[in-house]
Amino acid sequence: MTIMHLADLHFGKNLHGLNLIAEGDQPAWIRNCYQVIEEEKPDVILLCGDIFDRSQPSAEARSLCSDFLTGLCQRNIPVLMIAGNHDSPETIEYLQALVRNQGLYVSGQLHSELQKITLQDAFGPVHFYMLPYFFPAKVAQVLQEDIPSDYTMAAQMLLERQQLNPCERNVLLAHQFVCSTSQQPVMGGSESSVGGVGQLDASVLDAFDYVALGHIHRPQAMHRPGIRYAGTPMCYHFSEAGRTDEGNAQHGIQIIRLGAKSETPEMYMHPVTPLHPLRNICGMLEEIIEEETTNGRQGEYIHVRLSDPVIPDQAYDRLLTLFESKKSRLLWLDRVPRQAEAEALPDRPHTALSLPEMFHAYYDFQYPNQPMNAEDETLIEHAARILDEHQYREDTLDVCAESLLTFLLGKEARG
């Protein structure tokens, strides 16, 4: 049986302010995915959570997802989809009864008995168990038990309730932070956190012949080759792109060939070329401009990290104009931290610094040869005061943003 394993599509994702639907990146990936389906001819497609980037996706994200799922169903391939921590279970399960008749099986809500889909191939049945994102309190609720002490115990309690046949092949779809005692997942930069998901020890999944995971954005195996994160379909952060094109090639589509019960599955990644590859560039401004003027590369999303001791005048404007002429987009410009400057920072942990001290230290670190003027001093003091006043409020972000904007627009008395 040929399985296509996908996860973390994050439809509606923005990259440094760029809408990846409007820019064509996610629609282009869907077209590439259809091409991979034509080449690999999978018997089933697994979508292992975080279908959307937000629990309340935009209308365009919903529309894109609807088009994608419609295209899959039109190819008469069973599609199994679970909710991730970014998804709303209600959104994922919308019209479940109707789409099931089209070969789309959806599990958004957790139940004590996991939804099981059985498919047949030349070696007999393959049982797919669908485990949407969960947390221990939810497991306790559906099992009517005391709250498990951690995610591993919660998963163990839940899986013990399932009637697995050890003589037949069993596949699990899950969206959790799965680790092992000897291995932690390598995470990508688009995972600023793991969404509040606690660690789940991979050993509790040993009863399954293959475990199709979502949640971690870098494709990788965990504990054993048959427990695998699909990774995101494309780079969603510059740290996932490496320093050359090689980093982009890590993101593709996982293909699994599941043989007889006693056989180790064959697993490989079918590469997918992104519409706009992400690229990191590091160096002195003039060197970068000279190289990029002649290398012929086009249509990329660019992060430039300058190593000049002081950022040259008009650096951003010059780079922006250069990359626009190459049909590329400069999305991020920063500078290399210098060791001498790092050593000059106050030799105290950040928690020992006051907010104004932290602002001052960072300013001096970024602009070592540009003393702070009186207006900057006032802004830092005002920002620190706002953060300190609202640090325990639930609406901190909105309040701080509004107050700072008011201050910068000159609507509030300064000083």
Descending accessible area (1.4 Å probe), largest on the left, turns K116, K326, K261, K138 into K116, K261, K138, K326
Applied in sequence order to the stretch 47-55, the curve 6.51 cos²θ - 1.76 cosθ + 1.60 (Karplus, θ = phi - 60°) yields integer Hz couplings, x standing for Gly and Pro, of 10, 9, x, 6, 5, 10, 7, 9, 5
The long-range amide H neighbours of R169, using H built 1.01 Å from N in the peptide plane and a cut-off of under 5 Å, are H127
Loop-resident GluC sites (Glu not before Pro) in the stretch 137-235 with no more than 14 other Cβ atoms inside 10 Å, DSSP not H/G/I/E/B, are E145, E168
Counting sequence-distant residues (5 or more places) and residues on other chains, those with an amide H built under 5 Å from that of H86 are D50
Output for the stretch 21-101: chymotrypsin sites (Phe, Trp or Tyr not before Pro) sitting in coil per DSSP, at most 16 other Cβ within 10 Å, listed by number, reads Y94
Any trypsin sites (Lys or Arg not before Pro) in the stretch 139-229 that lie in a DSSP loop and have at most 14 other Cβ atoms within 10 Å would be R161
Summed over the other residues with a beta carbon less than 14 angstrom from that of V126, with K and R at +1 and D and E at -1, the charge totals -1
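The values are calculated or read from the model by the stated rules, or taken from the named source; none is laboratory data. These numbers were taken from a predicted model, which means no experiment stands behind them. FYI the Cβ positions are ideal-geometry reconstructions off the backbone, even for glycines, and counts take in every protein chain you see. Side chains included, ligands, DNA and RNA excluded: accessible areas come from the protein's heavy atoms. Shrake-Rupley method; radii C 1.70, N 1.55, O 1.52, S 1.80 Å.
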